[in-house]
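The values are calculated or read from the model by the stated rules, or taken from the named source; none is laboratory data. Everything quoted here is computed from the prediction, not taken from an experiment. Cβ sites come from the backbone with ideal geometry, for glycine too, and all protein chains shown count toward neighbours.
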Protein chains: 4
Amino acid sequence: MANFKGHALPGSFFLVFGLWWSIKYPLTYLNGRIKGKRSSNKFHKRLELIEGVMKVVFTLIGMLAEQFVPDGPHLHLVSGDHGWVKLMNWQHTTMYFFYGLSGVVDILTYFPLNFPQGLDRLSLALAVFIEGLLFYYHVHNRPPLDQHIHSLLLIAIFGGSISIMIEVFLRDNIVLEMFRSSLAILQGTWFWQIGFVLYPLGKAPEWDQSDHENIMFITMCFCWHYAVSLIIISVNYGLVYW
Amino acid sequence: MANFKGHALPGSFFLVFGLWWSIKYPLTYLNGRIKGKRSSNKFHKRLELIEGVMKVVFTLIGMLAEQFVPDGPHLHLVSGDHGWVKLMNWQHTTMYFFYGLSGVVDILTYFPLNFPQGLDRLSLALAVFIEGLLFYYHVHNRPPLDQHIHSLLLIAIFGGSISIMIEVFLRDNIVLEMFRSSLAILQGTWFWQIGFVLYPLGKAPEWDQSDHENIMFITMCFCWHYAVSLIIISVNYGLVYW
Amino acid sequence: MANFKGHALPGSFFLVFGLWWSIKYPLTYLNGRIKGKRSSNKFHKRLELIEGVMKVVFTLIGMLAEQFVPDGPHLHLVSGDHGWVKLMNWQHTTMYFFYGLSGVVDILTYFPLNFPQGLDRLSLALAVFIEGLLFYYHVHNRPPLDQHIHSLLLIAIFGGSISIMIEVFLRDNIVLEMFRSSLAILQGTWFWQIGFVLYPLGKAPEWDQSDHENIMFITMCFCWHYAVSLIIISVNYGLVYW
Amino acid sequence: MANFKGHALPGSFFLVFGLWWSIKYPLTYLNGRIKGKRSSNKFHKRLELIEGVMKVVFTLIGMLAEQFVPDGPHLHLVSGDHGWVKLMNWQHTTMYFFYGLSGVVDILTYFPLNFPQGLDRLSLALAVFIEGLLFYYHVHNRPPLDQHIHSLLLIAIFGGSISIMIEVFLRDNIVLEMFRSSLAILQGTWFWQIGFVLYPLGKAPEWDQSDHENIMFITMCFCWHYAVSLIIISVNYGLVYW
């Protein structure tokens, strides 16, 4: 995964989910204001089911890809001489697994099993937290710019995790849901940005990874990404409104 | 902006908003206790609209100033030999932009667009957070006193951001609003203080930036600023009450 | 306690409590949905009493064991030449004491003493916090892997403490209760894992305590433990449901 | 204040307030359960007034003492050759000032001024936070044991500040009030402990300030202090109940 595609792929996933949420939540919110409480809404519930199924399918593909790409671990964890095999791929498999788990809980919540509401949000918050935890210990002993660009990602990740955790208690809060969408889009575009910075495409020049100016620019760039994310969300809200 | 004026200007903005809030909120609060719930109050809503417009105007001026002052970047980000142009000015432009965005949301909230309440508070909290984030990475590799005086500012900034975030859920809470006002005034006067310490005016002697005694004094001085801020707020509350 | 058994024993305690909670809470929750509010339920209250008594008994045994094992301090704290006697055992005695205190509060809450509800949760949260505090200062000056494996434990501990603290205000919230159960199971299995890593059994090879790969694996392993813990909880919920 | 008395004095203040609260709150709580909502209770309100007056009187005495003891600054802040005068005493004066301010707000809350409820809790939380802030920057460049013993104090201080901050929103919550009492008692006894450790009385031997064993003992000792504090609170609750 330590290449451009390895960052573009998860980035695209987050982007898709972020954009999808930024349409779904205003839609159900505005619908709800017209027709009454939306949690009892059948259409809304079916959307959540489809979302859960999508999550499970996506993460299954992701896990299989991580394991069975040509240079993947092929489910081997320990090689003969007691060295770990492709820990990176295993870490990514772990991340996918937790998002998959969150998808399974989404599906279970749909069926009338008396499954406690809020568990779907909790499991999503945990998946995001696990992603953050693995990333946090991921970047030790790297050049300053690499560390910095990943630690900015952690802001989006842990911010998202906390915000989703609050949704366990304040369900169907449109502000929290739009905040979550914006952070998902931010994560998505930022993954792309990391790819562009660390693995410049084509003839683009390499970035000097210990230049303080570059670090200052990247911090600001992160803010711009978030500004764009906020604007996208606003535009989507406007479109849904019309 | 690395001079006295560059700190006095934003300081004055925060001071104006802090003082304005310390009058507005007690006013609407005490009005509300007489005439009933204030959120439905037309006068109160119009005030919020004006505030939003003011924010947008101020930040537009700020952004243009940052870009087009004689030694500004004039919207150039990259110079020919792949160096960044005037990153400081760009960072400040970014900060202004988020405050401007918060102003736009304030305005949108005014119109009957079914715009979810609480988004105005969220966007303000985000603007404050972005300011803190940029400042946090601003002061690396500076002398101890410079770092310390800015890290104290971060307490006011992040404290304010958290407090405004809570307002998303506890809207129209007078205690939170007065707390926010006090932190805005604190930020305002502290910007002035930073200006005085780092860029002494006239014949005032330079501060020894690595003296431990100076750092201890500055910590205490920060508390005094807050004490003054609290007293100003109390006096304003008293004036409004009479 | 610096051996395999010393980690397996507390691990088993946490595991037992975690598993017990993962059955008790779904049971009372599903019962409550059929028969009405469960806090007024006599059976549920008696369970809490038994739990409190068990806690007191377990921790008494634990404290006595820590003090009177052959190489324990036998209640001596200071030896003649002003050296501390067996601080480790004293620290563990302290941890047990706070869990015992929490058991006592559980018992007191049962009797109709007008004892404020929520104190039982607060005292449990404090016991967990004290455990975390002692562990936090426990691992200074140790090899990297040892520190890392304990700091991961701290995530489970402090996460649990915060979650229980929230239960003071949101009592009988099934999501929080299941979260707590999952963290208790995680703590339990992780104690076992620490034992296996730091004190390999039989002919198992020693772990290289400063290998970065090992640290990366352990981080991921922690996530797997939590995944297993979540699956156990789900299965138990399912069993209770049928 | 860098002597035994200088720690015993504030310790006694906190101890007195902690003990007083541990009697007052159970009293008003149990009364409230018999006679109805206590916030409307006149007796309870008068108690709060007296408490406010006591705070103001105590802190005035404290401030005057800090300024006008023989080796105090006598209100001089800057000496001729641009050195700061007795910053320690000024810092303590600052701490007293914020507690005094909290006392003033207590008094204002008593009178029917439409003063927003919750401001008294906020101002107390701020006073505690300021105390913590000043202590945090107080102990840089000290021996390890000295730093450690003060950083443990910070746990009690910031824990208390957060807990009181929550009381702004959850007023008259007996669990929070008893938690606050316990932390105040902990602070009180811990100040005494700091005095004993750093300035041994009479013929007691000096503590080796860089011995790791001592640091481990002190951590545990802090837990014991809290255990004692919790037991005192429970006994007082029991006494009030009978």
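Would a scan of the range D:154-161 turn up a residue that is small (Gly, Ala, Ser) and facing chain B (nearest Cβ under 10 Å)? No, the range D:154-161 has no match at all.
On the stretch given as the range D:207-242, residues that are of a type in the set (Val, Ile, Thr) and out of contact with any Pro (no Cβ under 9 Å at 6 or more places or on another chain) total 6.
Restricting attention to the range B:111-130, the residues that are more than 21 Å from B:Phe97 (Cβ to Cβ) and in contact (Cβ under 8 Å) with a residue 12 or more places away in the chain add up to 2. Return the residues of the range D:166-197 that are charged (D, E, K, R) and closer than 11 Å to D:Gly18 by Cβ; say none if nothing qualifies. Of everything in the range D:166-197, just one residue is charged (D, E, K, R) and closer than 11 Å to D:Gly18 by Cβ, namely D:Arg180. Can D:Tyr199 be described as of a type in the set (Ser, Thr, Tyr) and more than 14 Å from chain C (Cβ to nearest Cβ)? For D:Tyr199, the condition - of a type in the set (Ser, Thr, Tyr) and more than 14 Å from chain C (Cβ to nearest Cβ) - is met.
Among the residues of the range C:1-53, those that are closer than 19 Å to A:Pro116 by Cβ, aromatic (Phe, Trp, Tyr) and at pLDDT 90 or above comprise C:Trp20, C:Trp21. A single entry from D:Tyr241, D:Tyr237 fulfils the requirement of being touching a Ser or Thr at 6+ places or on another chain (Cβ under 8 Å), modelled with pLDDT under 90 and aromatic (Phe, Trp, Tyr): D:Tyr237.
A:Ile233 passes every criterion in (1) touching a residue at least 24 places away in the same chain (Cβ under 8 Å); (2) more than 19 Å from B:Thr94 (Cβ to Cβ); (3) within 13 Å of chain B (Cβ to nearest Cβ) apart from (2).
When the range B:123-143 is filtered for residues that are more than 10 Å from every other protein chain (Cβ to nearest Cβ) and among the β-branched types (Val, Ile, Thr), the ones remaining, listed by number, are B:Val128, B:Val139. The lone criterion from (1) within 20 Å of C:Leu153 (Cβ to Cβ); (2) assigned to a loop (DSSP other than H, G, I, E, B) left unmet by C:Glu206 is number (1). Only one of the listed residues (B:Gly72, B:Gly80) is crowded, with 17+ Cβ neighbours inside 10 Å, over 24 Å from A:Gly160 (Cβ atoms) and at pLDDT below 80. That residue is B:Gly72.
Of B:Phe222, B:Phe217, all but one fail to be of a type outside the set (A, V, I, L, M) and in contact (Cβ under 8 Å) with a residue 12 or more places away in the chain; the exception is B:Phe222.
Of all residues in the range A:167-178, none satisfies being more than 19 Å from A:Ala125 (Cα to Cα), among the charged types (D, E, K, R) and at pLDDT below 95. Of the residues making up the range A:202-225, those that are more than 18 Å from B:Tyr136 (Cβ to Cβ) and within 8 Å of chain B (Cβ to nearest Cβ) number 1. The residues of the range A:87-118 include none that are at the interface with chain C (Cβ under 7 Å from one of its Cβ atoms), under 21 Å from A:Lys42 (Cβ atoms) and modelled with pLDDT of 90 or more. C:Ile185 meets each of the listed conditions (1) within 27 Å of D:Phe217 (Cα to Cα); (2) in contact (Cβ under 8 Å) with a residue 40 or more places away in the chain; (3) not in a loop (DSSP other than H, G, I, E, B) apart from (1).
Conditions tested, residue by residue: (1) surrounded by fewer than 23 Cβ atoms within 10 Å (Cβ to Cβ); (2) within 12 Å of the chain's Cα centre (by Cα).
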site	(1), (2)
C:Glu131	no, yes
C:His140	yes, no
C:His148	yes, no
C:Gly159	yes, yes
C:Ser163	yes, no
C:Ser181	no, yes
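So, in the range D:190-216, of the ones that are modelled with pLDDT of 90 or more and farther than 22 Å from C:Leu87 by Cα, which residue ends up surrounded by the most Cβ atoms within 10 Å (Cβ to Cβ)? The selected residue is D:Phe191. Determine whether A:Met165 is facing chain B (nearest Cβ under 8 Å) and either within 30 Å of B:Gly83 (Cβ to Cβ) or not small (Gly, Ala, Ser) (or both). Judged against the criteria, A:Met165 is not a match. The single condition among (1) under 30 Å from C:Phe115 (Cα atoms); (2) more than 9 Å from chain C (Cβ to nearest Cβ); (3) buried (at least 17 other Cβ atoms within 10 Å of the Cβ) that D:Val228 does not meet is (3).
Taking the range D:113-172 as the range and being closer than 12 Å to B:Val175 by Cβ, not hydrophobic (A, V, I, L, M, F, W, C) and not in a helix (DSSP H, G or I) as the test, the residues that pass are D:Pro116, D:Gln117, D:Gly118, D:Arg171.
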